[in-house]
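The block underneath contains the structure these notes are about, expressed in structure tokens.
The values are calculated or read from the model by the stated rules, or taken from the named source; none is laboratory data. Source: prediction; values computed, not measured. Glycine gets a Cβ as well: all are built from the backbone with ideal geometry, and neighbour counts include every protein chain shown.
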Amino acid sequence: MNANIYRHEFRFRLKSVIIWSLALTFLIVFFFSMFPVFADQAALMNEFLARYPQELRAAFGMDNMDLSTVLGFYSFIFMFVQLCLAIQASNYGFGLVSIEESELTADFLLSKPVSRAQVLTSKLLAALTSLTITNLVVWVSSFAAILLFREGREYDMPTLLLLMLSIVIFQLFFLSVGLVISLLVKRVRSVTPYALGLGFGMYVLSAFSGVFGEVALELVTPFKHLDAPYIVKHVAYNTPLVLLNVAVTIIALAVSYWLYTRRDIPAVS
Amino acid sequence: MSVIEVTNLTKYYGKSRGIVDVSFKEEEGEIFGFIGPNGAGKSTTIRLLLSLIHPTSGSAKVFGKDVVTHGPEIRRDIGYLPSEVFYYEGMKVIDLLKYSASFYGKDCTERLHELSEYMELELNRRISDLSYGNKKKVGIVQGLLHSPKLLFLDEPTAGLDPLMQRKFFDLIRKENDRGVTVFFSSHILGEVQRLCTRVGIIREGKIAEISDIRTLQQNNYKKVNVTAAGLNPATFDLPGVTNVQTENGTLHFFFKGDINAVLQKISAIQVADVTIEEPTLEEIFMHYYE
């Protein structure tokens with residue numbers, strides 16, 4: 001690991017981290033501020049929801065969540081938080097080495113006396129630091145929102161912690177999968193479409209899997225591996241799926257190192 | 001000891017050719033010119049030596065160490081000025097240079113300011129606001145500030161005005177006097193002729209010739225111009241005569257071989273003017289590309 005690259009990379013992403021963090025804080029606090037209304041009119045709400053077709057409720061993961069409880073309501077918001085985190089982490093993953101290549105600064109960096117592995121490690125750690133800052137902001141704003149708007153309703157702290165702890169696993173998945181895809185394709189010209197594709201794609205897969213109840217799709221998407229309603233309902237992770245998620249992350253990272261140390265840096269053409 | 005030792009180096013990008021079976025050596029303290037047209041493989045060779053890309057086959061050593069396995073160690077003493085310079089657009093010149101210096105584990109501040117002053121580079125401007133020529137200056141300072149032992153210059157003068165080019169050449173000469181080895185790639189022959197002691201000519205990925213710049217000029221074609229009334233090109237129908245052209249009563253041709261043969265022919269006729277010159281590198285060079 002090279003401290004200079006780490007610092008440079010971290011600074012490079014700082015603005016983006018601040019924007020994402022603010023957006024997520026706003027999302028969490030704003031949505032959760034509606035909780036008291038939902039909770040007060042729980043009966044009405046559930047009746048209202050029951051009118052929607054089962055498939056639609058399943059697509060939004062609302063078939064096994066109770067919006068009148070603190071955690072039930074929070075897990076509903078948490079899916080949108082996950083979507084944002086997925087896009088952010090994919091964005092950092094896809095851009096990690098490809099931005100240097102598309103903006104042609106890779107020549108500058110890689111002609112310095114550092115090994116490819118050092119470059120990649122420093123970049124990964126810097127991105128992870130950025131993601132962790134966002135992660136912490138989600139923790140703080142979630143706790144704050146719950147404290148502010150729960151209006152005396154009880155909730156189970158261990159369950160909430162389980163949800164919060166799942167974020168880092170979730171982020172690492174998208175970071176490393178984004179990275180490995182960016183190294184597998186010849187050239188990433190623009191990062192955003194890829195990141196949106198991966199983030200939204202996985203989310204949509206998870207929604208479909210809710211509709212069709214298909215098992216195969218669960219295996220692919222982290223939105224199912226770390227499904228908030230499941231965690232709330234069982235007060236535990238779906239262990240095999242989480243292990244699968246971690247395995248994919250580790251393989252993606254290993255393959256990334258293998259590919260990057262052997263990569264031909266494209267020249268100006 | 002050779003600073004650069006390239007042995008049968010080959011690089012294919014998929015199916016398209018980069019370089020094929022390139023071998024050469026560069027000794028310490030030399031300025032080696034690497035000439036060839038665009039797409040001949042000059043940049044490919046430099047990028048292989050910097051391990052920005054990996055060889056398909058063959059090997060290359062810099063400072064006696066293999067470039068694939070000892071890359072970081074080797075690059076500690078290398079300065080590189082790419083043909084097209086690209087830097088982090090949002091950064092200030094000074095921050096970029098400091099970032100660059102930070103990799104070498106020594107204090108380069110003094111050298112940084114010295115070089116920037118010499119190249120008339122404004123340190124507080126943003127990279128994105130710089131013109132191409134100014135970016136090139138950043139490249140020059142960036143490539144030299146850690147006092148490297150080996151310099152790779154890939155078409156370095158493009159974008160610099162003539163005044164800056166001269167300053168740049170002086171700078172390179174000064175570095176060379178301090179013992180720095182220079183690998184100078186270019187397609188502009190004049191500058192190679194001015195600076196280099198030895199040249200390698202690369203064409204379609206293969207080395208066409210490596211020689212001393214003097215030998216290249218001497219053992220080569222002579223350019224003969226003869227002006228005379230009623231001149232018949234057939235007069236000089238000798239082995240070794242090529243490229244015969246008549247223009248306003250003057251006969252131009254290239255000759256390789258015993259110059260006495262031509263002199264005898266000339267003395268047999270009444271001439272108005274005769275010149276026999278060494279060809280410019282440009283003309284030699286064109287010959288390799290025919």
Checklist entry - Can you tell me how many residues in segment B:36-85 are out of contact with any helix residue (DSSP H, G or I) (no Cβ under 6 Å at 6 or more places or on another chain) and either charged (D, E, K, R) or closer than 20 Å to B:S186 by Cβ (or both)? => result 23
Checklist entry - From the list B:I266, B:I210, which residue is of a type in the set (V, I, T), within 30 Å of B:L49 (Cα to Cα) and surrounded by 13 or more Cβ atoms within 10 Å (Cβ to Cβ)? => result B:I210
Item to check | When residues of segment A:79-113 are limited to those that are surrounded by fewer than 21 Cβ atoms within 10 Å (Cβ to Cβ) and either of a type in the set (G, A, S) or in a loop (DSSP other than H, G, I, E, B) (or both), the one farthest from the other protein chains (Cβ to nearest Cβ) | outcome: A:S102
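Quick one: which residue in B:V93, B:V85 is modelled with pLDDT of 90 or more, out of contact with any His (no Cβ under 7 Å at 6 or more places or on another chain) and within 14 Å of chain A (Cβ to nearest Cβ)? Walk me through it before giving the result.
Working: B:V85 fails: modelled with pLDDT of 90 or more.
After applying the criteria, what remains is B:V93.
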Item to check | Residue satisfying all of: in segment A:217-269; over 21 Å from the mean Cα position of the chain (by Cα) and without any contact (Cβ under 8 Å) to a residue 12 or more places away in the chain; farthest from A:Q118 (Cα to Cα) among these | outcome: A:H234
Checklist entry - If we scan segment B:262-272, do we find a residue that is touching a Ser or Thr at 6+ places or on another chain (Cβ under 6 Å), among the small types (G, A, S) and not in a strand (DSSP E or B)? => result yes
Checklist entry - A:L161 versus (1) without any contact (Cβ under 8 Å) to a residue 12 or more places away in the chain; (2) surrounded by 14 or more Cβ atoms within 10 Å (Cβ to Cβ); (3) not β-branched (V, I, T): which is the lone unmet condition? => result (2)
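Just checking: which of the strands (runs of 3 or more DSSP E) contained wholly in segment B:8-76 hold 1 or more residues that are among the small types (G, A, S) and more than 21 Å from B:I172 (Cβ to Cβ)? First the steps, then the outcome.
Values: elements: B:16-27, B:31-35, B:57-62.
In segment B:8-76, B:16-27, B:57-62 are the strands (runs of 3 or more DSSP E) which contain 1 or more residues that are among the small types (G, A, S) and more than 21 Å from B:I172 (Cβ to Cβ).
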Checklist entry - Yes or no: B:L96 part of a helix (DSSP H, G or I), among the aliphatic types (A, V, I, L, M) and touching a Phe, Trp or Tyr at 6+ places or on another chain (Cβ under 8 Å)? => result yes
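Please enumerate the residues belonging to segment A:212-236 that are of a type in the set (D, E) and either touching a strand residue (DSSP E or B) at 6+ places or on another chain (Cβ under 9 Å) or modelled with pLDDT of 85 or more (or both). Steps first, answer last, please.
Within segment A:212-236, the first condition is being of a type in the set (D, E), and the residues that meet it are A:214, A:218, A:227.
Residue satisfying the conditions is A:D227 alone.
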Checklist outcome for this item: Exception for A:S33 within (1) loosely packed, with under 13 Cβ neighbours inside 10 Å; (2) within 30 Å of B:G90 (Cα to Cα); (3) of a type in the set (S, T, N, Q) falls at (2)
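From the list B:G139, B:G179, B:G190, pick out the single residue that is touching a Gly at 6+ places or on another chain (Cβ under 6 Å) and either surrounded by fewer than 17 Cβ atoms within 10 Å (Cβ to Cβ) or within 14 Å of chain A (Cβ to nearest Cβ) (or both).
Values: B:G139 fails: touching a Gly at 6+ places or on another chain (Cβ under 6 Å); B:G190 fails: touching a Gly at 6+ places or on another chain (Cβ under 6 Å).
When all the criteria are applied, what remains is B:G179.
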Next on the checklist: B:L123 - would you say it is over 24 Å from the mean Cα position of the chain (by Cα), surrounded by 15 or more Cβ atoms within 10 Å (Cβ to Cβ), more than 8 Å from chain A (Cβ to nearest Cβ) and outside any helix (DSSP H, G or I)?
Outcome noted: yes
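Among the residues of segment B:119-129, is there at least one that is touching a helix residue (DSSP H, G or I) at 6+ places or on another chain (Cβ under 8 Å) and of a type in the set (G, A, S)? Explain how you work it out, then say what you get.
If we filter segment B:119-129 for residues that are touching a helix residue (DSSP H, G or I) at 6+ places or on another chain (Cβ under 8 Å), which is where we start, we get B:119-127.
If we keep only those that are of a type in the set (G, A, S) as well, we get none.
No, because not a single residue in segment B:119-129 is touching a helix residue (DSSP H, G or I) at 6+ places or on another chain (Cβ under 8 Å) and of a type in the set (G, A, S).
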Checklist outcome for this item: Cβ pairs under 6 Å, 6+ apart or interchain, first in segment B:190-212 and farther than 15 Å from B:I46 by Cα, second charged (D, E, K, R) and surrounded by fewer than 16 Cβ atoms within 10 Å (Cβ to Cβ), ordered by first then second residue, are B:R198/B:D212
Checklist entry - Can you tell me which residue in segment B:87-120 is surrounded by the fewest Cβ atoms within 10 Å (Cβ to Cβ), limited to those that are over 22 Å from A:K15 (Cα atoms) and hydroxyl-bearing (S, T, Y)? => result B:T109
Item to check | A:A247 vs. criteria more than 14 Å from chain B (Cβ to nearest Cβ) and at pLDDT 90 or above | outcome: yes
Checklist entry - Which residues, counting only those in segment B:94-132, are farther than 19 Å from B:S147 by Cβ and of a type in the set (F, W, Y)? => result B:Y132
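Going by what's in this entry, would A:G72 be described as crowded, with 18+ Cβ neighbours inside 10 Å, within 14 Å of chain B (Cβ to nearest Cβ) and closer than 27 Å to A:F26 by Cα?
Values: crowded, with 18+ Cβ neighbours inside 10 Å: yes; within 14 Å of chain B (Cβ to nearest Cβ): no; closer than 27 Å to A:F26 by Cα: yes.
Against the criterion (crowded, with 18+ Cβ neighbours inside 10 Å, within 14 Å of chain B (Cβ to nearest Cβ) and closer than 27 Å to A:F26 by Cα), A:G72 does not qualify.
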